[in-house]
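Inspection log for the structure reproduced underneath, given as structure tokens.
The values are calculated or read from the model by the stated rules, or taken from the named source; none is laboratory data. Since the structure is predicted, the reported quantities are computational estimates derived from the model, not experimental observations. Note that each Cβ is placed from the backbone with ideal geometry, even for glycine, and that neighbours are counted across all protein chains shown.
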Amino acid sequence: EGGSGAGSGGGGYKVKLKIGNACIDTPIKVRWEAPKDHNPEDFLAIYRVDAPDYFNMVELSGSSGQESGTVTFTKPKDEKSGNPRLPAVEGLYVVRYLRANDQRVMASSRELLATRCDGPAPTNEEIEKQQKRQ
């Protein structure tokens, strides 16, 4: 197995981000790879890099027998719909592939920087300050 450095994991699991940073509240497109016999209830989840729990997940439903696919985390029209949520605060995020049966992380994406795009882009110092405050 030659490691490509793009996301960790084992046995054919991969999570790849289309972009390295994103505006807060904009859709995030993620490509996944998994063995053909993966459980279609496996899911991708977005975490803040420093948080133990994900704030958003999307099941790979309908992916039975497929080795790869793309999912897009989008902002729900109404918060009650339970659709994937997007990063709402600036900072670093990561997308992980979790197995449905034991919640084990099989692969992680590289870090994604979420920034506010409707004003001046924050400096790294400002982002660090904001992360400490939360």
### Summary
Of all strands (runs of 3 or more DSSP E) fully inside the range 1-109, the set with 1 or more residues that are among the charged types (D, E, K, R), at pLDDT 90 or above and over 25 Å from Glu126 (Cβ atoms) is 14-17, 28-33, 56-59, 91-98
### Message
Quick check on this structure: which one of Ala34, Ala45, Ala22, Ala51 is surrounded by 15 or more Cβ atoms within 10 Å (Cβ to Cβ), of a type outside the set (Lys, Arg), within 30 Å of Arg116 (Cα to Cα) and more than 11 Å from the chain's Cα centre (by Cα)?
### Response
Ala22
